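First up is the structure itself, then whatever we jot down about it.
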Amino acid sequence: MIIILLIALVFPGIILRTKSVLSGRKGPGLFQPLRDWWVLMRKGRVVSNSTSMIFQIAPSIQLAATMVVLLVVPVANQPAVLGFEGDFVFFAYVLAVGRFFMILAALDAGSSFEGMGANREALFGLLVEPAFFILLGTFAMLTGYTSFTELFTSFRVDGSPFVFIFGLIACYLLVQIAMIETSRMPLDDPKTHLELTMIHEVMILDYSGFDKALIHLGTAIKSVVFGSLIANALLSFEPGLGWQLILFVLIQVVFAIIIGISESFRARNKMFRNAQYILTLSAISLLAFVVVLIITHKLP
């Protein structure tokens, strides 16, 4: 859990450095986002008189929800702090609680722009759920377990070509789901300046100071949490703990670099194509489901 928090502090910096190098700019340093969070935490916050308590507590709930899901995610194939049967359902809906309160806070602000962003966030969160649950259900059917710890411990990329294909599909889907959940390209552009095309950033326009730092920190931790799922899916063999931790950190760094490369060379989707893009992920997860049906000989 501690290693995930430490990686989260530099994860946005790795993305920024990757984008800077690829665009030929000197760019900010690796720890610049950490300095920005520190500056925000020392600033006061401005809260509109027209908002309710929901607006004030939403950033804390979003960060708390992200911290809670850390307890059920294994690190480098080591057991999770709080693992139990069906914890991937708990994982999905605790994150949904954080999103729900951020949507309420955006609506509470009374801004048409933030309401528009909340509408998009709710829609895309709804559409990406089937892809996540089909994928994790497929993992459960393949391994016979519904807990993250047992599921990833039992998953092995052996000599079967079907298992190898499923592993590739699973990693691709987890990367795409992570980028949707953290409002990255190609659905959203975190650096855009046009409110009409924003999704997540427009929802937090009225936040400042300490609250905004909590939101950015929560997003960084969520990115590393999904990176942990990807790492656990790839670490399907059993080296020593030291090598597992090294490979775990290396996969997280590669994941951040992949996000930076993607945002450097991909354009944001047109808004009306985003729903089609997310539903395509559900179709790919169904393909993975069929592959596992073949592996487990459950097709008639």
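Summed over the stretch 138-164, residues that are surrounded by fewer than 18 Cβ atoms within 10 Å (Cβ to Cβ), closer than 19 Å to residue 290 by Cβ, in contact with a Ser or Thr (Cβ under 7 Å, 6 or more places away or on another chain) and modelled with pLDDT under 80 total 1. For residue 118, are the conditions met, namely being outside any helix (DSSP H, G or I), touching a residue at least 60 places away in the same chain (Cβ under 8 Å), among the hydrophobic types (A, V, I, L, M, F, W, C) and in contact with a helix residue (DSSP H, G or I) (Cβ under 7 Å, 6 or more places away or on another chain)? So residue 118 does not fit the description; no. One residue stands out among those in the stretch 237-271 that are part of a loop (DSSP other than H, G, I, E, B) and closer than 28 Å to residue 154 by Cα: the one that is modelled with the highest pLDDT, which is 240.
In this structure, is residue 106 buried (at least 21 other Cβ atoms within 10 Å of the Cβ) and under 27 Å from residue 1 (Cβ atoms)? The answer is no for residue 106.
Every condition in (1) free of Cβ contacts under 8 Å to residues at least 40 places away in the same chain; (2) charged (D, E, K, R); (3) not in a helix (DSSP H, G or I) is met by residue 45 except one, and the failing one is (1).
With the requirement that a residue be touching a Ser or Thr at 6+ places or on another chain (Cβ under 8 Å) and of a type in the set (Gly, Ala, Ser), what does the stretch 259-294 give you? Residues satisfying the conditions are 260, 264, 285, 288. Could you say whether any residue in the stretch 272-284 is under 24 Å from residue 142 (Cβ atoms), assigned to a helix (DSSP H, G or I) and touching a strand residue (DSSP E or B) at 6+ places or on another chain (Cβ under 7 Å)? No, because not a single residue in the stretch 272-284 is under 24 Å from residue 142 (Cβ atoms), assigned to a helix (DSSP H, G or I) and touching a strand residue (DSSP E or B) at 6+ places or on another chain (Cβ under 7 Å). Residue count for the stretch 87-117 satisfying the condition of being under 21 Å from the mean Cα position of the chain (by Cα) and at pLDDT below 85: 1.
The requirement of being β-branched (Val, Ile, Thr), touching a residue at least 40 places away in the same chain (Cβ under 8 Å) and more than 20 Å from residue 107 (Cα to Cα) is fulfilled nowhere in the stretch 231-248; no residue meets it. Scanning the stretch 267-284 for residues that are touching a residue at least 40 places away in the same chain (Cβ under 8 Å) and either closer than 13 Å to residue 127 by Cα or of a type in the set (Lys, Arg) (or both) turns up 268, 274, 275, 277, 278, 279, 281, 282.
Considering (1) more than 14 Å from the chain's Cα centre (by Cα); (2) over 28 Å from residue 241 (Cα atoms), the lone condition that residue 125 does not fulfil carries the number (1). Hey, among 113, 124, 132, 84, which residue is of a type in the set (Phe, Trp, Tyr), surrounded by fewer than 16 Cβ atoms within 10 Å (Cβ to Cβ) and on the phi < 0 side of the Ramachandran plot? Only one candidate passes the filter, namely 84. Looking only at residues in the stretch 29-75 that are over 30 Å from residue 153 (Cα atoms) and of a type in the set (S, T, N, Q), the one that is surrounded by the fewest Cβ atoms within 10 Å (Cβ to Cβ) is 49. Does any residue in the stretch 137-159 that is within 20 Å of residue 71 (Cα to Cα) and part of a helix (DSSP H, G or I) come within less than 8 Å, Cβ to Cβ, of a residue that is of a type in the set (Ser, Thr, Tyr) and modelled with pLDDT of 80 or more six or more places away or on a different chain, and which pairs are these? Within 8 Å, the pairs are 140/146; 150/143; 151/143; 151/145; 154/143; 154/145.
The values are calculated or read from the model by the stated rules, or taken from the named source; none is laboratory data. None of these values were measured; they are calculated from a predicted model. Methodologically, a virtual Cβ is constructed for each residue, glycine included, from the backbone with ideal geometry; neighbour enumeration extends over all protein chains shown.
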